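Structure first, commentary second.
The values are calculated or read from the model by the stated rules, or taken from the named source; none is laboratory data. Note that the structure is a prediction, hence the values are computed from the model and not measured. When we count neighbours, we look across all protein chains shown, and the Cβ atoms used for this are built from the backbone with ideal geometry, even at glycine.
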Amino acid sequence: MPITRLNHAVLYVRDVAVTREFYENVLGFRTLIWAPGRAAFFQAPGSTNDHDLGTFQIGSQAAPSPAGSSSVGLYHLAWEVDTLSELARIAGLLTERGALVGASDHVTTKALYAKDPDGIEFEVCWLLPAELITDEVRDRAAQMKIGALDLPAEIARYGAETRGGIGVSIPVA
């Protein structure tokens, strides 16, 4: 039986209270299970999953992950939003927190890259709906054309409230 989707991710963090504040107030996650000083489990906005992110506190002495610089490991998790207006709202919050580290246009994906309080990188993205993926778009995507994200231009092109991912990550009803 094939894998159909990622159910949840689990992270080790220095301080679950700091992590909780960030994921609730920046990404809008809801805390489902709270064990102060030990663990927290979160549900993403709009999710019906029993949890999308689990975190376990390991303490302030924990070193940053060397993944990507001196060892293998996870690069980032990607969280999807429904609209470009939501992507813009989150870009503002990430910028206010000094957490935004990049923004890329991957042709079919418009992506923000940020780091949480422990320096764990994540992506927040909007996916072009399948009906807007033309042969020209497919060709550009196949060439791995990655550019700087111009969010106002993307909103002008596709609309602030166009629902993303339909027919790509979200099945057509």
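The residue pairs whose first member lies in the range 98-122 and is at positive phi, whose second member is surrounded by fewer than 20 Cβ atoms within 10 Å (Cβ to Cβ) and small (G, A, S), and whose beta carbons are closer than 6 Å, counting only pairs six or more residues apart or on different chains, are V107/A141. Among the residues making up the range 153-173, those that are without any contact (Cβ under 8 Å) to a residue 24 or more places away in the chain, assigned to a helix (DSSP H, G or I) and either surrounded by 11 or more Cβ atoms within 10 Å (Cβ to Cβ) or outside the structural domain of K110 (by TED's automatic domain parsing) (or both) are A156, R157.
In the set D116, D150, D135, only one residue is under 15 Å from the mean Cα position of the chain (by Cα) and not aliphatic (A, V, I, L, M); that residue is D116. Filter the range 133-151 down to residues that are surrounded by fewer than 11 Cβ atoms within 10 Å (Cβ to Cβ) and in a helix (DSSP H, G or I), then give me how many there are. Going through the range 133-151 one residue at a time, the tally reaches 3.
Whether any residue in the range 115-126 is part of a strand (DSSP E or B), over 27 Å from R163 (Cβ atoms) and in the same structural domain as A153 (by TED's automatic domain parsing) is what I want to check. The answer is yes, given that some residue of the range 115-126 is part of a strand (DSSP E or B), over 27 Å from R163 (Cβ atoms) and in the same structural domain as A153 (by TED's automatic domain parsing).
How many of the residues in the range 23-50 are hydrophobic (A, V, I, L, M, F, W, C), touching a Phe, Trp or Tyr at 6+ places or on another chain (Cβ under 7 Å) and either surrounded by 15 or more Cβ atoms within 10 Å (Cβ to Cβ) or assigned by TED's automatic domain parsing to the domain that holds D116 (or both)? Can you show your working first?
Taking the range 23-50 and keeping what is hydrophobic (A, V, I, L, M, F, W, C), we get 26-27, 29, 32-35, 39-42, 44.
Then keep just the ones that are touching a Phe, Trp or Tyr at 6+ places or on another chain (Cβ under 7 Å); that gives 27, 29, 32-33, 39-40, 42, 44.
When the remaining residues are screened for being either surrounded by 15 or more Cβ atoms within 10 Å (Cβ to Cβ) or assigned by TED's automatic domain parsing to the domain that holds D116 (or both), the result is 27, 29, 32, 39-40, 42, 44.
Here the count works out to 7.
Mind checking which residues of the range 6-49 are in a loop (DSSP other than H, G, I, E, B), within 15 Å of the chain's Cα centre (by Cα) and more than 21 Å from I90 (Cβ to Cβ)? If you could, list the steps in order and put the result at the bottom.
If we filter the range 6-49 for residues that are in a loop (DSSP other than H, G, I, E, B), which is where we start, we get 6-8, 14-15, 26-29, 36-38, 44-49.
Checking the rest, the ones that are also within 15 Å of the chain's Cα centre (by Cα) come to 6-8, 26-29, 44-47.
Within the range 6-49, N7 is the sole residue that qualifies.
Can you find a residue that is closer than 30 Å to P152 by Cβ, without any contact (Cβ under 8 Å) to a residue 40 or more places away in the chain, in the same structural domain as A148 (by TED's automatic domain parsing) and touching a Lys or Arg at 6+ places or on another chain (Cβ under 8 Å) anywhere in the range 63-86? There is no residue in the range 63-86 that is closer than 30 Å to P152 by Cβ, without any contact (Cβ under 8 Å) to a residue 40 or more places away in the chain, in the same structural domain as A148 (by TED's automatic domain parsing) and touching a Lys or Arg at 6+ places or on another chain (Cβ under 8 Å).
If you take the residues of the range 51-87 that are of a type in the set (A, V, I, L, M) and part of a loop (DSSP other than H, G, I, E, B), which of them is surrounded by the fewest Cβ atoms within 10 Å (Cβ to Cβ)? Steps first, please.
We begin by selecting, within the range 51-87, every residue of a type in the set (A, V, I, L, M); these are 53, 58, 62-63, 67, 72, 74, 77-78, 81, 84, 87.
Applying the additional criterion that residues be part of a loop (DSSP other than H, G, I, E, B) yields 58, 62-63, 72, 74, 81.
Values: I58: 14, A62: 13, A63: 6, V72: 8, L74: 12, V81: 24.
Among them, the one singled out is A63.
Which of the residues spanning the range 95-132 are small (G, A, S) and either within 14 Å of Y23 (Cβ to Cβ) or touching a Leu at 6+ places or on another chain (Cβ under 9 Å) (or both)?
Listed by number, the residues that qualify are A99, G102, A103, S104, A111, A114.
Taken over the range 130-162, the criterion of being in contact with a strand residue (DSSP E or B) (Cβ under 8 Å, 6 or more places away or on another chain) and either of a type in the set (D, E) or modelled with pLDDT under 95 (or both) is satisfied by A130, E131, I146, G147, D150, E154.
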